[in-house]
Amino acid sequence: MIEKIKRLVAEVAAFETDSSEVAEEFRVRLFGKKGEITVLFEQFKEVPVQDKRVIGQELNVLKTLAISKLKDIQEKFKKSFKVDLSLDLTLPGDPMPLGSRHPVSLVKNQIIDIFSRLGFTISTGPEIEDDWHVFSALNFPPEHPARDMQDTFFIEQDPDILLRTHTSPVQVRVMEKQKPPIRTISPGRVFRNEAISARSHCIFHQVEGLYIDRRVSFADLKQTLLFFSKEMFGQDTRIRLRPSFFPFTEPSAEMDVSCTLCGGKGCNVCKYTGWLEILGCGMVDPNVLDNVGIDSQEFTGFAFGMGIERIALLKFGIKDIRLLFENDVRFLRQFTSAL
Ligand code: PHE
């Protein structure tokens, strides 16, 4: 072993090269995984105790010499770097692929942006909720079918702890804490015990809005939603409100926008009706205001709620909601330049 070390010391001391490839080969030959110095250090473990001191010293001489030699050679190449004509600095650099925002985030940000311009603040709340904030405070009668196991994922019962089925509970929390005027939207993830299909998913996102002040009217609601629809889908967009029912609003309505594809003429996206349903809305039921300690004699308000995925599907002409959850980069990459 000692002979081998001495032979290598001599070889390293004499080593010279002008080629960086040869230098690299030399480095690998000595220090690579199966390099000679690496192997010697492996073998050193097996050396009998009485020989360890002498061999160890020689081995260290070799190692130190080899390292300083390699350093010198590297220095040399660094200095000669400037005159290395094989390197063309005018070539373009390697492209760095940029990520893209998820279509749901794009649409959510756009909705937030539109309502911010109308003075709405953003509020968030927990995804795991209690019965009071999701149902009772919102005037759901105890036997209301929406509380049914069909729609709600319950986590615990008596008292009920559950995954929120809409983001209205965030607004209950805001009303409990804050005095009117209140003008806020709550974007967030919601959960419903539904079969997954091309049109619906058990997890999706909503943005709900709430405006409470003195003398807020249905006309304010309609004007707000018209402004939103034009900003979102284009200035030619028309809206219509159809009577509907929600426990927490009275009167309640569902809002359609003129079809984003055919503009109202009728096509297979709007099923030849010319209209697409995009949100629920209404005047906050006085019972809800009373439940959260806001005087329903003095204040009125409106509320609305929409599914972000549905709007993303319409806006981008996506046919299957499941694409929004699979995160296939070939799908997501197509939104690099969107919005
Ligand atoms: N919370 C309702 C839902 O989840 C939407 C809605 C909000 C309807 C506000 C009317 C007013 O479907």
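If you go through region 211-228 and keep only what is away from the ligand (no atom under 16 Å from the Cβ) and part of a helix (DSSP H, G or I), you end up with ALA219, GLN223, LEU226, PHE227. Within region 230-249, not a single residue is over 14 Å from GLY274 (Cβ atoms), away from the ligand (no atom under 16 Å from the Cβ), over 33 Å from the mean Cα position of the chain (by Cα) and among the aliphatic types (A, V, I, L, M). So which residues in region 285-329 are within 17 Å of the chain's Cα centre (by Cα), assigned to a loop (DSSP other than H, G, I, E, B) and among the charged types (D, E, K, R)? Result: ARG322, ASP328.
When region 119-143 is filtered for residues that are closer than 16 Å to PHE246 by Cα, part of a loop (DSSP other than H, G, I, E, B) and not polar (S, T, N, Q), the ones remaining, listed by number, are PHE135, PHE140, PRO141, PRO142, GLU143.
Only one of the numbered conditions (1) at pLDDT below 95; (2) under 26 Å from the mean Cα position of the chain (by Cα); (3) within 12 Å of the ligand (Cβ to nearest atom) is not met by GLU208, and that is (1). Only one of the listed residues (GLU254, GLU250, GLU231, GLU208) is within 19 Å of LEU118 (Cα to Cα), in a strand (DSSP E or B) and acidic (Asp, Glu). That residue is GLU208. The selection criterion, being assigned to a loop (DSSP other than H, G, I, E, B), away from the ligand (no atom under 14 Å from the Cβ), more than 29 Å from the chain's Cα centre (by Cα) and of a type in the set (S, T, N, Q), holds for THR273.
For every residue, the table says whether it meets (1) surrounded by 17 or more Cβ atoms within 10 Å (Cβ to Cβ); (2) outside the structural domain of ALA198 (by TED's automatic domain parsing).
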{"position": "LYS271", "(1), (2)": "no, yes"}
{"position": "GLY274", "(1), (2)": "yes, yes"}
{"position": "GLY305", "(1), (2)": "yes, no"}
{"position": "ILE308", "(1), (2)": "yes, no"}
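Which pairs do you get when a residue that is on the phi > 0 side of the Ramachandran plot, found in region 119-146, comes within reach of a residue that is part of a strand (DSSP E or B) and at pLDDT 95 or above, reach meaning Cβ atoms under 8 angstrom, with the pair 6+ apart or on two chains? As it stands, the answer is GLY119/ARG183, since those pairs meet every condition given.
Each residue in region 30-60 was checked for being within 14 Å of MET1 (Cα to Cα) and more than 54 Å from the chain's Cα centre (by Cα), and 12 pass.
The values are calculated or read from the model by the stated rules, or taken from the named source; none is laboratory data. Values in this document were obtained by computation on a predicted structure and should not be read as measured data. Counting neighbours? That spans all protein chains shown, and the Cβs are built from the backbone with ideal geometry, glycine included.
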